[in-house]
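First up is the structure itself, then whatever we jot down about it.
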Amino acid sequence: MRQGVLERYRELLEITPNTPMISMGEGSTPLVRSRFIENEVGCAELYFKLEGCNPSGSFKDRGMVMAVAKAIEDGSAAIMCASTGNTSASAAAYGAYCGLTTIVLVPSGDVAAGKMAQALAYHPRILVVNGTFDQALEMVRTFTQRYPVTLVNSLNPHRLEGQKTAAFEIVDDLGDAPDFLFIPVGNAGNITAYWRGFSQYADLGRAETLPRMMGYQAEGAAPIVRGEPIAEPSTVASAIRIGNPASWQQALTARDQSGGVIDSVTDDEILSAYRMLSRREGIFAEPASAASVAGVIKFSGQLDLAGKRVVCVITGSGLKDPDLATQNIDMSLQELPPELWAMEKVLEEVVQGTLSLGPKA
Ligand SMILES: *Cc1c(COP(=O)(O)O)cnc(C)c1O
């Protein structure tokens, strides 16, 4: 049986004899070498860390397993979060696995279909709030201070602790930290957690170098880039549609200590990277995840990446947002009767032997 992150990184996490070592098989996600974008951006090596391969389809599971284990250790019977999707999907999955009462607040209209389907399937108490994510989070904060319910948003310190294990895995796979880590930034918990993980490995002598942390927000939801909260953030990438990031200061620290950058990419750049990832790399990512790839493409126009080793974090699965994928089809689907002659007609270039077999330019 594959180890979960609690077991795999036991000595680097706050595990006590009373911590239940739960796992749904989170972590140990693939680090896949790029076949196309690597050449486009001109770096020596480009890898994608496929966090969509986690049990509920996003990196949120790494932090959730830790937060839920600690909630159980502390005797809590209920967990609660506000979420535009992936946090609630993850909380509901682990809540179901552990038999905890799970309450999720989702802002109305903001949730992608796949995430909503997951939330419904895992069957937590779902409260749809007619407001923004930030307003829903504020409600959860106050409620969990008043009542014996554990908050499992990234304000819960155990979440970031669990999430840092992704940085450990990258170093374990590559033998050292990469030169650059590109990552989407929403609430800025993940960039904070990765920096903590890389720093801890360096302190322990398990990595010789530290990466430059390259965080990317969506242009319509870029409070850190602009230096002020945004009341009505807007972007196609719902997972990073955040106007007032909870880990704002820590993200700035990660940026500054690492000599990195926090910048923004437009929705067009995100969607272009999203299509390139699926069509050229075979990686179906959610739009927020494509922000890291849009970031490396944008940055490669600003700085020479020759000789550099780069990792892009692909934070979640493209299946989370199926509507966006079907909207992004710019080809017509060919219909035909169930007859061989019809297929021969449609696939004329194959029949005539004029199909070019070389790689597409
Ligand atoms: C949560 C999430 C993000 C943003 O991570 P933060 O820790 O909020 O910065 C990005 N992509 C996906 C798929 C997510 O679920």
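The values are calculated or read from the model by the stated rules, or taken from the named source; none is laboratory data. In this text, all values refer to a predicted model and were calculated from it rather than measured experimentally. Cβ: placed from backbone, ideal geometry, glycine included. Neighbour counts: every protein chain shown.
With the structure loaded, tell me whether ILE191 is more than 15 Å from the ligand (Cβ to nearest atom), touching a strand residue (DSSP E or B) at 6+ places or on another chain (Cβ under 7 Å) and closer than 26 Å to LYS70 by Cα or whether it fails that test.
no
Selection of the range 137-170 for residues being farther than 29 Å from MET213 by Cα, aliphatic (A, V, I, L, M) and either out of contact with any helix residue (DSSP H, G or I) (no Cβ under 9 Å at 6 or more places or on another chain) or surrounded by fewer than 17 Cβ atoms within 10 Å (Cβ to Cβ) (or both) yields MET139, VAL140.
Across the range 301-330, the number of residues qualifying as more than 16 Å from the ligand (Cβ to nearest atom), more than 22 Å from MET116 (Cα to Cα) and not in a loop (DSSP other than H, G, I, E, B) comes to 2.
Which of the residues belonging to the range 184-199 are closer than 22 Å to LEU137 by Cα and either of a type in the set (Gly, Ala, Ser) or free of Cβ contacts under 8 Å to residues at least 60 places away in the same chain (or both)? Passing the criteria: GLY186, ALA188, GLY189, ALA193. Contact map, the range 200-228: first residue over 21 Å from GLU169 (Cβ atoms), second residue charged (D, E, K, R) and at pLDDT below 95, Cβ cut-off under 7 Å, separation 6 or more or different chains; pairs are ALA221/ARG241.
To keep it simple, each residue is scored yes or no on (1) at pLDDT below 95; (2) more than 16 Å from SER154 (Cα to Cα); (3) not in a loop (DSSP other than H, G, I, E, B).
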residue: MET1; (1), (2), (3): yes, yes, no
residue: GLU11; (1), (2), (3): no, yes, yes
residue: ASN18; (1), (2), (3): no, yes, no
residue: GLY52; (1), (2), (3): no, yes, yes
residue: ALA69; (1), (2), (3): no, no, yes
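Among the numbered conditions (1) of a type outside the set (D, E, K, R); (2) in contact with a strand residue (DSSP E or B) (Cβ under 7 Å, 6 or more places away or on another chain); (3) within 27 Å of PHE168 (Cβ to Cβ), the only one that THR101 does not meet is (3). The condition (being at pLDDT 95 or above and surrounded by fewer than 22 Cβ atoms within 10 Å (Cβ to Cβ)) is satisfied by just one residue among ARG35, ARG62: ARG35. Could you look through the range 93-136, keep only residues that are of a type in the set (Ser, Thr, Tyr) and touching a residue at least 24 places away in the same chain (Cβ under 8 Å), and pick out the one that is nearest to PRO229 (Cα to Cα)? Top of the filtered list is THR132. Does ALA231 qualify as being at pLDDT 95 or above and either more than 24 Å from GLN163 (Cα to Cα) or within 16 Å of the ligand (Cβ to nearest atom) (or both)? Taking the combined requirement at face value, the residue does not satisfy it. If I filter the range 201-222 down to residues being closer than 24 Å to PRO30 by Cβ and assigned to a strand (DSSP E or B), which single residue comes out as farthest from the ligand (Cβ to nearest atom)? Across the range 201-222, the extreme among qualifying residues is ARG212.
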